[in-house]
Structures are given as structure tokens and as C-alpha cells.
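Colleague: Can you keep this structure in mind? I'll have questions shortly.
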Number of protein chains: 2
Amino acid sequence: MTLQFLIEQIKQKKSYLCVGLDTSIEKIPKHLQSNPAAVFEFNKQIIDATKDLCVAYKINTAFYESNGIKGWEAMEKTVNYIPSTHFRIADAKRGDIGNTSSQYAKAFFDVLNFDAITVAPYMGFDSVQPFLEYENKFTIVLGLTSNKGSEDFQQLKTGDNFLYETVLKKVSGWGTKENLMFVVGATKATELESIRKIIPGNFLLIPGVGAQGGSLEDVSKYGMNKDCGLLVNASRAIIYAGTGENFAEEARIIAQQYQTEMMNYL
Amino acid sequence: MTLQFLIEQIKQKKSYLCVGLDTSIEKIPKHLQSNPAAVFEFNKQIIDATKDLCVAYKINTAFYESNGIKGWEAMEKTVNYIPSTHFRIADAKRGDIGNTSSQYAKAFFDVLNFDAITVAPYMGFDSVQPFLEYENKFTIVLGLTSNKGSEDFQQLKTGDNFLYETVLKKVSGWGTKENLMFVVGATKATELESIRKIIPGNFLLIPGVGAQGGSLEDVSKYGMNKDCGLLVNASRAIIYAGTGENFAEEARIIAQQYQTEMMNYL
């Protein structure tokens, strides 16, 4: 997907919502659990019920890997089911030496047809670069994450800057807004103003709204740029909104609330 | 596997060699490539030919994920084929917020029967902790990696210490030598002396010997502790030593050279 297409989708739908498919077999409604393809069936109904309200889906690979081969199959079926109008993110947090990152890029961009993958920056340039080589694919590098543990290293000072600021500065030089985005947690909304000074143009993938407690209003106020520049993700708050047979309708109600709020901020 | 068992294996075999199964379908001998289970067949023969010379096998997950479901199957079959006397490492470089890291821990420690997994530290305590909860399983956190990109962030100063030193100091307080190891690249052998002052007791997984050019002698001289404390990995140098039908015998010859050299250092 090109950046231009994504921006057009955001304008058309008046939404920058990303629905996170962190689908856990234990948490899906009981009536689906006996289905041999329960996870895919759940995702399918969530996608059908929310696709006109969101512009992206994010598949958290951990929740699929924890079901082994069956989980990998559910991931493959899910990514293929997501309409090509939607930005498909593998939330995989990969990153390794060059020849290994090339294999991860192949796995998620070629074998599985994702548009984007999240990547951890710790190993530096040659761990990120193989992902950036793909045209019309996006590398989403971790900047400042939404969890408590972001204090341990990301918020240490490296010279005059916090480590996450140094990461944003340095990594933003390795790509363009056409192939590079960053993860910035919604629970750090006030930092978004200074982050936007470092990376004014790149899209930000913002987790942490919903179950983790971040504010959509603050994120939008401090993070938006002229292209919108935001993909705000909610996972558990949407997909587990209901627990019965009408779970997809209840998910839709929450997604609709996000979209309505987003329409006001755009 | 317990740490004690691993140490006994090292003493018995006079080896601290880890064989890295970075098995790429394009690089395995031609006569195997038409086999529908080519990657597993290759790994099986490598394991049979080297198991008396090494104490660990390291499976680089990227090389399996890049083959999709078939690759995941080959990984599962391979880890189940590795004898339980050998330390089974998933070189996966995972790490995410707590509830997601829990899923990765389940994937590699419960569903796939690995003894250890490599983990990236960028997201801090709650991204590492779920792995540490498993008894007789090991979390191997990235300290200083063997690639050029380690200069980008790992070797930045955070106060008086390099970031990788801060990582080693802080993370070593989250576990014990019974559940926590660190990755330190062999191409940084001279730093091992100062690293050993920070983490005298933990085992180190040392990649970068062989194809990446690190010296086994230097690594052993500066990195060894009273338990040995080292697992030195070679991947490409061993598994791709030969390209013909006798590839496993040629792999054995190289593994034997490492083991003979290690015997002298122990």
C-alpha cells in the first residue's frame, strides 16, 4: 500500500482507527470455541463488523504463535481475509542482524501479505534496513512504548536526549515517511508534542488507547500532522467488547464510538 | 533444563559449542531440495553428525518463518528431534508488553519445547519478566550484539555507562544465573573482560564466531567463568561447510575443530 492511498482512506472514512486482533482462544465467546478454526472465525466476524469504521488491522503475532502451527494458519487466513483497502500490520517486534532481518522481511512482506511490520531498534541500522528495502511496505520502529518498562531504557538520557528521542532522530534518517513509521504509546500523549518536533512527517502507530488507558483526545491533539499522521490502535477494548453470540455487533458499537470521536478531531 | 545439567554436559563433552540451525532452503545441498521436508531432513542429519560435539542447538526462527506454515512445521519437528540432553535455544529476539510477552513465552516454552529464548530489552522489565517466570527455562537477553549496528544505540553513553552496560546491570537484577543469560557478540571479545565485571555469574551466548569473524580464543580468554559460562555459537561455518551429499560429515569436521579447540580452553 502507498502512503497516499492510506491517507485517502483516512479522509474518506473519517477514521484513523486500527483494530488490533490480539485474539486469544481463551477469551473468544464460548459458542465459537469448539470451532476448529475458532480464531479465524472470530477475526472474520470482527473484520466484517468493523471494516467500514477503520483503516487498519494489526495482528499481534504472539497470540497466534502461542497456538503453534494452528495459530500460524489462523494468522495467514486472517491477513488474507483483511480487505486490500486496509493497512495490514504485523505487530511482531522483530529485529536481528542483516541476513536474519531479511528473512523476517520475507516472512511478513512476501509470504504473509502484510503492508507493515513493527521492528525493535536495539540492534541498529543493519537490523532495520532489510525491511526498508521493500517498496510500498512500511517498517514501524519502536520509539516510546506504552508500558511501564519504557522507563527502564527508553527514558534514559543519552547525552541531551532521552534514548527514545535519539532512536527517533537516528532512525528517521534511514527512511522516509513513505516507508517508515514509529510506535509511540498513547499513555505518553504529552510527549507527543516534542516527538512531533523530531519527526514531523512520519505516521505514528499509537497503541495504549482503551485497555491501557491512553486518551484519544490528547493523542489527537498533540500527535496529528497535516496528513493526519496517526493510526490509533485499540485491541481488547473493541474485540472483547461482548462475550456472547452478538460479540461482533458489540465490537462494532465500540469501533463506532472511536470513529465518531475521530471524525471530530480530523 | 537446569543450569547444573548444562554445566555437567559441558564438562563431560569438553565442549561449549552451540550449533546454529539457520537453515535456508536455498542454501542446503541440491539433492535434498526436492524433499518435501528438506529443511527438517537437513537439520536431522546435521544434528546426528554433531550431537556428541556440542551441548546446544540454536534455531533462528526467521529462517523458518520465511517459509510460512511449512517452516513452522520444520521448526517444530526440529526442536522435537534435538535430544533432551541438549540445550534448545529459540533465537527469536522477542519482547513486547507483558500480556504479549506471556504469549511468546507460552509459544516457545510450552507449545514448542525450547529451553531458552533470546529477548530484546528495549521495552524493559515487564517485557522480559513473563519469560523469567518459567522454572528451568532461560531468558537470553541481548546485551552487546555482534553486528555493526550495535554502535547505533547499544554503544551510546547513558550516564557513565554504555547503554549495553546499563542493560546488563539492570536486567541482571531481574533474574538469577539459573534463569537468565545474555547475548554478547564474539566480535566484541575485548569488551568481555569489563562485561564479566558486571555479570560474573551468568552464562553468555556468543554469536559471531565463524562467518562473522570473531575469535574463539579471545572469547574464551575474556569470557569464561568458573562454570565455563559460555555457549559459543557457530551457524553458517558449520552447517554449510559442505554442499554435496556428504554435507553432514563436513559439518562434523568443522564442529570437531571447534570442540578440539574448546577442550584446550576448558
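Colleague: Place +1 on the Cβ of every Lys and Arg and -1 on the Cβ of every Asp and Glu in chain A, take the dipole about the Cα centre, and give the residue among A:His31, A:Ala234, A:Gln12 whose Cα lies farthest towards its positive end.
Modeller: Of the candidates, A:Gln12 comes out farthest on the positive side.
Colleague: On full extension of the chain, what length is gained from A:Thr176 through A:Glu249, given 0.36 nm per residue of separation minus the C-alpha to C-alpha distance?
Modeller: Numbers: separation 73, 0.36 × 73 = 26.28 nm, distance 3.85 nm.
So the extension gain works out to 22.4 nm.
Colleague: Using the beta-carbon distance between A:Gln12 and A:Ser194 and R0 = 35 Å, what value does 1/(1 + (r/R0)^6) give for FRET efficiency, to the nearest 0.05?
Modeller: With a Förster radius of 35 Å, E is 0.65.
Colleague: Using +1 at the Cβ of each Lys and Arg and -1 at the Cβ of each Asp and Glu in region B:3-256, identify which of B:Leu163, B:Leu21, B:Ile46 lies farthest towards the dipole's positive end.
Modeller: B:Leu163
Colleague: Determine the alpha carbon to alpha carbon distance for each of A:Lys93/A:Lys148; A:Lys70/B:Lys137; A:Lys170/B:Lys148 and list only those over 22 Å.
Modeller: Values: A:Lys93/A:Lys148 17 Å; A:Lys70/B:Lys137 24 Å; A:Lys170/B:Lys148 15 Å.
In this structure, A:Lys70/B:Lys137 exceed 22 Å between Cα atoms.
Colleague: Could you tell me the ratio Rg/Rh of region B:171-266? Both radii from Cα atoms, Rh via Kirkwood. Walk me through the intermediate numbers first.
Modeller: Numbers: Rg = 14.6 Å, Rh = 14.2 Å.
My calculation puts Rg/Rh at 1.03.
Colleague: Check A:Ile140: other-chain or 5+ apart residues with amide H under 5 Å from its amide H, H built from backbone geometry?
Modeller: Result for A:Ile140 returns A:Ile117, A:Thr118, A:Val119, A:Met181.
Colleague: Hey, got a sec? Which trypsin sites (Lys or Arg not before Pro) in region B:207-257 land in a DSSP loop and have at most 13 other Cβ atoms within 10 Å?
Modeller: On the way: sites: B:Lys221, B:Lys226, B:Arg236, B:Arg252; in loops: B:Lys226.
Sparse-neighbourhood loop trypsin sites (Lys or Arg not before Pro): B:Lys226.
Colleague: A further question follows. Under 5 Å between amide H atoms, partner at least 5 residues away or on a different chain: which partners does A:Gly214 have, H built in plane at 1.01 Å?
Modeller: Amide H neighbours of A:Gly214: A:Val209.
Colleague: Using the eigenvalues of the Cα gyration tensor, what equivalent ellipsoid semi-axes result for the protein assembly as shown when each is taken as the square root of five times the eigenvalue, whole Å, largest first?
Modeller: On the way: eigenvalues 307, 137, 80 Å².
Sorted largest first and rounded, they come to 39, 26, 20 Å.
Colleague: Now a separate question. Taking θ = phi - 60°, what integer Hz values does the Karplus form 6.51 cos²θ - 1.76 cosθ + 1.60 yield along region B:26-32, in sequence order, with x for Gly and Pro?
Modeller: Computed from phi, the couplings for region B:26-32 are 5, 9, 7, x, 4, 5, 8 Hz.
Colleague: Here is a follow-up. Expressed as an acute angle from 0 to 90° and rounded to the nearest 10, what is the orientation of the C-alpha long axis of helix A:247-265 relative to the principal long axis of chain A?
Modeller: Tilt relative to chain A: about 40 degrees.
Colleague: Let me ask you something else. At A:Phe5, label 7 Å along Cα→Cβ: distances to the other copies, nm, ascending?
Modeller: Here the equivalent label points are 5.0 nm apart from this one.
Colleague: Have a look at the DSSP beta bridges in the protein assembly as shown and tell me what percent are antiparallel, nearest 5. If you can, show how the numbers build up before the last one.
Modeller: On the way: 6 of 66 bridges.
The antiparallel fraction comes to roughly 10 percent.
Colleague: Once you have a ≥ b ≥ c as the square roots of the Cα gyration tensor eigenvalues for region B:7-140, tell me rounded if a/c is under 1.5, and otherwise prolate or oblate according to whether a/b is larger than b/c.
Modeller: Numbers: a/c = 2.34, a/b = 1.31, b/c = 1.79.
In terms of gyration-tensor shape, oblate.
Colleague: Angle, helix B:163-172 long axis vs. longest principal axis of chain B, Cα atoms, 0 to 90°, nearest 10?
Modeller: Helix B:163-172 sits at roughly 90 degrees to that axis.
Colleague: Helix A:68-81 against the longest principal axis of chain A: what's the angle in degrees, Cα atoms only, rounded to the nearest 10?
Modeller: Value to nearest ten degrees: 90.
Colleague: Follow-up question, since we're still on this one. Quick check for me: using +1 on Lys/Arg Cβ and -1 on Asp/Glu Cβ, what's the dipole size of region A:127-218 about its Cα centre, in debye to the nearest 20?
Modeller: Values: 9 positive and 11 negative charges, 24 e Å.
Its charge dipole is roughly 120 debye.
Colleague: Related question: What are the GluC sites (Glu not before Pro) within region B:144-249 that DSSP puts in a loop, where the Cβ has at most 10 other Cβ atoms within 10 Å? Display every interim value, and only then the final one.
Modeller: Numbers: sites: B:Glu151, B:Glu165, B:Glu178, B:Glu191, B:Glu193, B:Glu217, B:Glu245, B:Glu249; in loops: B:Glu178, B:Glu245.
Listed in order of number, the matching sites amount to none.
Colleague: Going by amide H atoms built from the backbone, whose H comes under 5 Å of the H on B:Asn161, apart from near neighbours?
Modeller: Sorted by chain and number, the residues that satisfy this come to none at all.
Colleague: Kindly work out what percent of the DSSP beta bridges joining two residues of region B:3-256 are antiparallel, to the nearest 5. Could you put the intermediate results ahead of the total?
Modeller: Numbers: 3 of 33 bridges.
Of the beta bridges lying entirely in region B:3-256, close to 10 percent run antiparallel.
Colleague: In region B:3-256, if the dipole is taken from +1 on Lys/Arg beta carbons and -1 on Asp/Glu beta carbons about the Cα centre, which of B:Ala186, B:Phe108, B:Tyr64 is farthest to the positive end?
Modeller: B:Ala186
Colleague: Binning at 10 Å from 0, report for region B:104-241 what percent of all alpha-carbon pair distances ends up in each bin.
Modeller: Each 10 Å bin holds this share of Cα pairs: 12, 42, 36, 9, 0.
Colleague: Ok, one more. Taking a cut-off of 31 Å, what percent of all Cα-Cα pairs in chain A are separated by more than that? All intermediate terms of the calculation are to be shown ahead of the outcome.
Modeller: Details: 7314 of 35245 pairs.
When every Cα pair of chain A is considered, 21 percent fall beyond 31 Å.
Colleague: Separate question: In debye, nearest 20, what is the charge dipole magnitude of chain B about its Cα centre with +1 on Lys and Arg Cβ and -1 on Asp and Glu Cβ, if you could check? Walk me through the numbers on the way to the answer.
Modeller: Details: 27 positive and 30 negative charges, 51 e Å.
Roughly 240 debye, rounded to the nearest 20.
Colleague: Which distances, in nm and shortest first, link the A:Thr243 label point to the same label point in every other copy, taking 7 Å along Cα→Cβ?
Modeller: Here the equivalent label points are 6.1 nm apart from this one.
Colleague: Simple spin-label model, 7 Å along Cα-to-Cβ: B:Glu133 to B:Ile25 in nm?
Modeller: Taking the simple label geometry, B:Glu133 and B:Ile25 are separated by 3.7 nm.
Colleague: Here is a follow-up. Relative to the other copies, what are the label-point distances for A:Pro200, with labels 7 Å from Cα along the C-beta vector, expressed in nm at one decimal and sorted shortest first?
Modeller: Here the equivalent label points are 5.4 nm apart from this one.
Colleague: In debye, nearest 20, what is the charge dipole magnitude of the protein assembly as shown about its Cα centre with +1 on Lys and Arg Cβ and -1 on Asp and Glu Cβ, if you could check? Walk me through the intermediate numbers first.
Modeller: Values: 54 positive and 60 negative charges, 70 e Å.
Approximately 340 debye in magnitude.
Read-outs throughout are calculated quantities, based only on the coordinates presented, and are distinct from any laboratory measurement. All of these numbers come straight from a predicted model, not from anything done at the bench. In this analysis, Cβ positions are derived from the backbone assuming ideal geometry, glycine residues included, and neighbour counts consider all displayed protein chains.
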